[in-house]
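*Asks:* Following this message is one structure expressed as structure tokens.
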């Protein structure tokens, strides 16, 4: 809990990202790429984030993550 508070106050703002990386299906995917198959990396701290190519945006919030999962499930059905 104290770690989260310190991270909120002094943590990385995730302002600079790498170019989106799409992982081939045959290789092992990082956890960030499990949602969309594409991810970006924060150039300051190294944290990985899922990336949505259709919307051209980084998925950072858990709510947006859930929305994207629901959209993908709807399209797969």
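Bear in mind these aren't lab numbers, they're just calculated from the coordinates by the rules spelled out. Fair warning: this is a prediction, and the values are worked out from it, not measured in the lab. With ideal geometry, Cβ positions are generated from the backbone for all residues, glycine too; neighbour counts draw on all protein chains shown.
*Asks:* Highest mean first, how do 51-60, 13-22 rank when packing is the count of other Cβ atoms within 10 Å averaged over residues?
*Replies:* Descending packing order for the listed peptides: 51-60, 13-22.
*Asks:* Cα-based Rg (one decimal) and Dmax (whole number) for region 13-76, in Å?
*Replies:* Values for region 13-76 (Cα only, Rg and Dmax): 11.6, 35 Å.
*Asks:* Mean separation of Cα pairs under 8 Å and 6+ residues apart, divided by the residue count of region 13-76: what relative contact order is that in percent?
*Replies:* Details: 81 pairs, mean separation 15.5, N = 64.
Relative contact order for region 13-76 comes out at 24 percent.
*Asks:* Expressed in nm to one decimal, what extension gain is obtained for the pair residue 15 and residue 2 from 0.36 nm per residue of sequence separation less their Cα-Cα distance? Walk me through the intermediate numbers first.
*Replies:* Numbers: separation 13, 0.36 × 13 = 4.68 nm, distance 2.35 nm.
So the chain would gain 2.3 nm between residue 15 and residue 2.
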